[in-house]
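Single-structure report; data block below.
The values are calculated or read from the model by the stated rules, or taken from the named source; none is laboratory data. It should be emphasised that the depicted structure is a prediction, and the values quoted were computed from it without experimental measurement. A quick note on method: Cβ atoms are made from the backbone with ideal geometry, for glycine too, and the neighbour counts reach across all protein chains shown. Just so you know, the surface numbers come from the protein's heavy atoms only, side chains and all, with ligands and any DNA or RNA stripped out. Shrake-Rupley method; radii C 1.70, N 1.55, O 1.52, S 1.80 Å.
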Amino acid sequence: MENKYKLVFATNNAHKLSELRAVVGDSLSILSLADIDCHDDIPETGSTLEENSMIKARWVKEKYGYDCIADDTGLEVEALNGEPGVRSARYAPGEGHDSKANMKLLLSNMEGKENRNARFRTVITLISDTLGTHTVEGIVNGTIITKEQGESGFGYDPIFVPVEGDGLTFAQMTGDEKNAISHRGRATRALLALLEKLC
């Protein structure tokens, strides 16, 4: 694989961008939307993670011409029939992505539930002129705890304890510890493996 293959990551989430860049390291050059002067509010109108990641990647490819990756991530809770799922970032009512409100609503909906099993799932879509269109995913299983623990991470990280995490929430881990087992880390490594085959 060419050492500095360039891809735009179609996200406005600085946390996602830094996590993906940390996993990728020097193997790829990951451009942000700001790097290509894209300040669009890209719609996420899909009913699945796969659809949303495709919508975002296609938006950047068609409007800006760059080879692109986009992800969508959902927290899927067994006792809530897979919710919040595709609506994870916009779970709580109101405008924007309010992580505190999302966690508060989730914990409220989980009150009295014995089954605390959940999983994070990340889907990454690649759209490239030369490599085609491909989708990979990463999954990490875990449980939802009853109150927030930890100061790191973002989103639902303070209430999610992964199976492989020594009892720590994602928010109690270092970035490297989280990336080693996280859904996004796994999806990113699956993307790198795919690129190795394609390039």
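What the table shows:
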item	result
Charge dipole (region 22-119, unit charges on Cβ, about Cα centre) - positive-most of Met110, Cys38, Ala92	Met110
Ellipticity estimate at 222 nm from DSSP helix runs (n ≥ 4, -39,500 (n - 2.57)) divided over the chain, nearest 500	-9500 deg cm²/dmol
Prolate/oblate/rounded call for region 90-137, Cα gyration tensor, a/c under 1.5 rounded	oblate
Euclidean distance between Cα centres, region 136-199 to region 15-93, Å	16
For region 1-132, alpha-carbon Rg relative to the globular expectation (2.2 N^0.38 Å, N residues)	1.17
Of all accessible heavy-atom area on region 1-98, the percent that carbon and sulfur account for (1.4 Å)	46
Selection of chymotrypsin sites (Phe, Trp or Tyr not before Pro), region 28-77, meeting DSSP coil and at most 12 other Cβ within 10 Å	none
Unsatisfied cross-links (Cα-Cα over 21 Å) in the set Lys6/Lys197; Lys6/Lys178; Lys147/Lys178; Lys113/Lys178	Lys6/Lys178; Lys113/Lys178
Extension gain, Thr48 back to His15 (0.36 nm per residue minus Cα-Cα distance, nm)	9.7 nm
Relative contact order computed over the chain (Cα-Cα under 8 Å; 6+ residues apart), in percent	19
Where labels lie 7 Å past Cα in the beta-carbon direction, separation of Asn115 and His39 in nm	4.7
Scattering profile of region 68-188 at q = 0.12, 0.14, 0.17, 0.23 Å⁻¹ [log10 I(q)/I(0), Debye over alpha-carbon scatterers]	-0.44, -0.58, -0.83, -1.38
Probe 1.4 Å, accessible area per residue of the chain, Å²	49
Net length gained if the chain between Ser27 and Asp129 were fully extended (0.36 nm per residue, minus Cα distance)	34.8 nm
Contact order relative to length of region 97-158, as percent, for alpha carbon pairs under 8 angstrom and 6 or more apart	34
